[in-house]
Each structure stands twice: as structure tokens, then as C-alpha cells.
Amino acid sequence: MFSSPDRDLAVDFITGRRPTEGLFAEARRLRDEGKGRTITYSRKVFVPLTTLCRDTCTYCTFANPPGAGGEYLTPEDVMTIVTAGESHGCTEALFTLGDKPEDRWPQATEFLERHGATSTIDYVRMLTERVNTETSLFPHANPGLMDDDVQAALRPSNPSMGLMLENISPRLMEPGMPHHNCPDKDPELRVATIEASGRQRVPFTSGVLVGIGETPDEVVDSLFALAELQSRHGSIQEVIVQNFRAKADTRMRRDAEPTVQYFARVVAVARWIFGPEMNLQVPPNLTEDFGVYLDAGINDWGGVSPLTIDWVNPEAPWPNLDKLDRVTQEQGFTLQPRLPVYPEFIDEHWIDQGLLPKVRSAVGGEGYARLSMMEESNG
């Protein structure tokens with residue numbers, strides 16, 4: 001049954017039309033084969049560089065208009081966050097921001113001009129270069145759509161970058177759907193960004209968002225699309241499977257969230273599709289009993305901060321790192337801190353030659369973040 005992933009069978013598993021005991025056992029077997037009994041996480045600070053955006057996703061609470069929370073962080077703001085993270089033993093500065101806000105808001109253009117940036121992407125470059133040069137942290141940029149030139153410009157200061165595919169179906173861009181009037185959510189353009197990461201040799205994070213109005217078939221098609229991109233380009237270092245959480249101040253505030261049982265089946269199917277080598281992540285702050293996903297084949301908890309909130313899901317606090325460790329150990333695993341770039345991508349091919357010495361000095365022999373950095377933490 002599990003010799004090779006099958007689309008129709010995957011849909012049957014997700015919908016519960018087929019018994020899933022064998023699926024979960026296979027997901028665990030594949031994870032153990034490829035990753036052993038080690039579960040990783042990245043100790044990070046969240047840098048919401050700008051909460052302005054040109055898109056209008058109906059589930060998003062991150063983006064806001066000017067005067068209602070939509071703004072840029074100044075360079076001083078960014079460095080304050082990052083240096084505080086440094087004192088807490090963090091190794092990642094996650095730069096998350098709205099897409100091309102200067103195309104919609106004149107206030108964005110005015111801010112960028114005052115700070116000597118030609119665009120929001122140029123501002124990302126300026127700030128990630130400063131963080132990389134002046135601190136021990138490693139930037140991980142999630143600035144939206146990125147062509148080859150953008151990724152080439154960010155690569156010297158970012159050992160990894162990311163963009164969620166979310167879903168491969170263009171149907172979600174139709175009127176009444178969550179990505180209507182969101183030009184940056186066009187799946188073709190998101191696929192093009194992932195393809196560019198392969199050409200530019202950028203370790204890349206992507207994934208799917210489950211529960212925003214897609215069908216089970218569209219979930220499976222999205223997972224297979226990412227698997228096909230990985231087979232052609234090899235740059236996807238991790239796949240995030242993220243569950244939708246309804247937020248009070250959005251148009252989807254009354255939409256049903258995926259159940260834990262349904263979502264766990266999606267996670268197990270993802271492991272089956274991607275096989276033993278892919279790093280598979282579920283955010284631990286979006287499910288109360290997050291340990292259930294260890295049974296579905298994950299090997300990573302993603303970025304967890306001892307200092308900053310999850311700006312994308314501000315209603316969902318990160319689990320305490322002691323709790324994360326306890327839940328992981330109770331199921332027979334060892335928790336290891338990692339950099340925003342995974343160990344298997346730390347080499348001359350994937351990391352800019354000017355950045356590689358800093359990356360290598362921050363990891364031990366197996367490529368995980370040095371424990372001494374954690375022991376020096378105040379967190």
C-alpha cells in the first residue's frame with residue numbers, strides 16, 4: 001500500500017474514507033528512517049518589519065492600514081529586538097512582512113525614501129545585512145514573492161529564506177474566496193519563487209495552510225506540487241503544515257478551524273508524500289495538545305521564541321521551551337536547537353561563501369546550534 005504515494009489514496013486518508021492506522025505507522029517509520037529520534041526547533045525572535053501590505057487576505061490579522069497599526073519598524077526598532085534576542089540565546093531573526101506595501105500605500109513610499117531604501121525588499125536587504133554583520137543571529141527573510149535578483153541580493157545575509165505556497169489552487173483567488181484581490185497569493189507566482197530558490201541555491205522553507213476553504217483534493221494537490229518542485233530543484237529544506245486559526249478581527253472569524261484529527265491526517269499524508277528525508281514541521285503554538293503530531297511523522301517544531309510573540313498568530317502564545325522539551329522527551333525523542341538553515345544544507349553549494357564561516361562557527365559537529373549558545377541564554 002505504501003510503496004509510493006498515490007493521490008487518490010491520499011485524499012481517502014485525509015477524508016477518513018480509508019482506515020489511517022497504517023498511514024500513521026508509515027509516517028512514523030519514514031520519519032525515524034530519515035531523521036531518527038531527534039526533533040528540532042529554531043530559537044528565534046520575530047521581526048515584523050512592516051505590517052503594511054497590498055494584499056487583503058480574509059484570514060490575516062497581521063496586516064493593517066496606516067493609522068490602524070500598519071507601519072514599518074525603524075532600524076533602531078529592529079536592532080533592539082535582535083540584540084534582546086541575542087541576550088536570550090536566540091540564533092534566528094525571522095523577518096516577516098506584508099507584500100509590496102508601497103504599491104498600495106503612499107505612506108510606505110514615504111517611509112522607505114526617508115530611510116534610503118528603494119523598495120521594501122531593499123529595506124529587507126539593508127536590515128538583514130546589518131543584523132548579520134552586527135549580531136550573532138542569522139536572518140531568515142520571508143518578504144513575499146522573490147525573483148532571482150531579489151534572492152541573489154538577500155543570499156549574502158540570509159542563510160535561508162521562505163515563502164508558504166499555502167495552496168496550489170487558483171480557485172482560492174476567486175470572488176468570495178480568501179485570496180481574492182491578493183496578487184501575491186497567485187500560486188503560479190509562488191511556485192516561480194520556489195523555482196528561483198533552486199536556481200539561486202537558497203535553502204528554502206515552504207508549506208501549506210490547511211482550513212482556509214480548500215478541499216481535501218486541493219490539499220493533496222498542493223503537497224504533491226511541493227514534492228514535484230523539490231524533486232526538480234532540491235532547495236526546499238522544510239515543509240510546514242500549518243492549521244488555520246480563526247481570528248476575531250478578520251472576515252473569517254466565524255469559519256470553522258480544522259479538527260486536530262483531520263489535521264493530523266494531513267500531516268501524516270505529507271510525510272508519506274515527502275518521504276524520510278524532508279524536514280516536516282507543525283507549529284506547536286496552534287494546537288493545545290501539540291504532541292499528537294509526533295505520531296504523525298513530524299521532526300521539527302519550527303521557530304519558537306522565548307521573547308517575541310507570533311505576530312501572524314498573536315492569539316497563540318509559544319509553548320515554554322521547558323514544556324516543548326518535556327513533551328518531546330515524553331514521547332521518546334531528543335529536542336535539538338538548530339539554525340534557520342538545516343544541517344544538511346550547510347555547505348559551499350547552499351550558503352554564500354562570505355556567510356558560511358559564521359554559520360559553521362555557530363554549529364556543532366552534527367550541524368545543530370551549539371549548546372553553549374543556549375546555555376548562555378537568560379531565557
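Values quoted throughout were computed directly from the atomic coordinates according to the rules given, and no laboratory measurement underlies them. These figures come from a predicted structure and were not determined experimentally. Cβ placement follows ideal geometry from the backbone for every residue including glycine, while neighbour counts extend to all protein chains displayed.
Points worth noting:
- Inter-part distance where segment 260-331 and segment 342-358 are each reduced to a Cα centre, Å: 26 Å
- Here the label points at Glu134 and Asp32, each 7 Å from Cα along the C-beta direction, are separated by 4.9 nm in the simple model.
- As a length-normalised measure over Cα pairs under 8 Å and 6 or more apart, the relative contact order of segment 7-373 settles at 24 percent.
- Dipole of segment 7-373 [Lys/Arg +1, Asp/Glu -1 at C-beta], most positive-end residue of Asn158, Gln107, Pro178: Asn158
- Between the beta carbons of Glu366 and Ala246, assuming R0 = 30 Å, the FRET efficiency works out to 0.15 to the nearest 0.05.
- Ordered by the number of other Cβ atoms lying within 10 Å of each residue's own Cβ, fewest first, Ser206, Ser231 fall into the sequence Ser231, Ser206.
- Counting neighbouring beta carbons within 10 Å and listing from fewest to most, the residues Leu226, Leu356 come out as Leu356, Leu226.
- The 3J(HN,Hα) values that the Karplus relation (6.51, -1.76, 1.60; θ = phi - 60°) gives for segment 128-143 are, in residue order, 5, 5, 5, 4, 5, 7, 9, 9, 7, 6, 10, x, 10, 8, 10, x Hz. Gly and Pro appear as x.
- Backbone HN-Hα couplings from phi across segment 20-28 [Karplus 6.51/-1.76/1.60, Hz, Gly and Pro as x]: 10, 4, x, 4, 5, 5, 5, 4, 5
- Taking a straight line from the alpha carbon of Lys100, these aspartates and glutamates sit under 17 Å away, with near neighbours fewer than eight places off in the same chain left out: Asp55, Glu71, Glu110, Glu113, Asp122, Asp147, Asp148, Asp149, Asp184, Asp186.
- Note on Thr83 and Thr334: with the Förster distance fixed at 35 Å, the Cβ-Cβ geometry gives a FRET efficiency of about 0.70.
- Anisotropy class of segment 1-82 from Cα gyration tensor, a/c 1.5 cut: oblate
- Tensor-based shape of segment 46-127 (alpha-carbon gyration tensor, a/c under 1.5 rounded, otherwise prolate or oblate): oblate
- Positive-pole candidate from Trp318, Gly332, Ile168, dipole of the chain, charges at beta carbon: Gly332
- Close amide H contacts of Glu166 (hydrogens built in the peptide plane, cut-off under 5 Å, sequence separation of 5 or more or a different chain): Gly207, Val208, Leu209.
- Amide H partners (placed H, <5 Å) of Leu335, local residues excluded: Ile39
- Segment 204-274 - charge dipole about Cα centre, Lys and Arg +1 at Cβ, Asp and Glu -1, debye rounded to 20: 240 debye
- Helical contribution to [θ] at 222 nm, DSSP H n ≥ 4, -39,500 (n - 2.57), averaged over the chain, rounded to 500: -11000 deg cm²/dmol
- Whole-Å distance, taken between Cα centres, linking segment 171-216 and segment 42-71: 18 Å
- In sequence order, calculated HN-Hα J values of segment 295-306 (Karplus, 6.51, -1.76, 1.60; Hz; x Gly/Pro): 6, 9, x, 6, 9, 8, 9, x, x, 10, 10, x
- Tensor-based shape of segment 127-255 (alpha-carbon gyration tensor, a/c under 1.5 rounded, otherwise prolate or oblate): prolate
- Only the Cβ atoms of Lys and Arg (+1) and of Asp and Glu (-1) were treated as charged; on that basis the dipole of segment 7-373 about its Cα centre amounts to roughly 540 debye.
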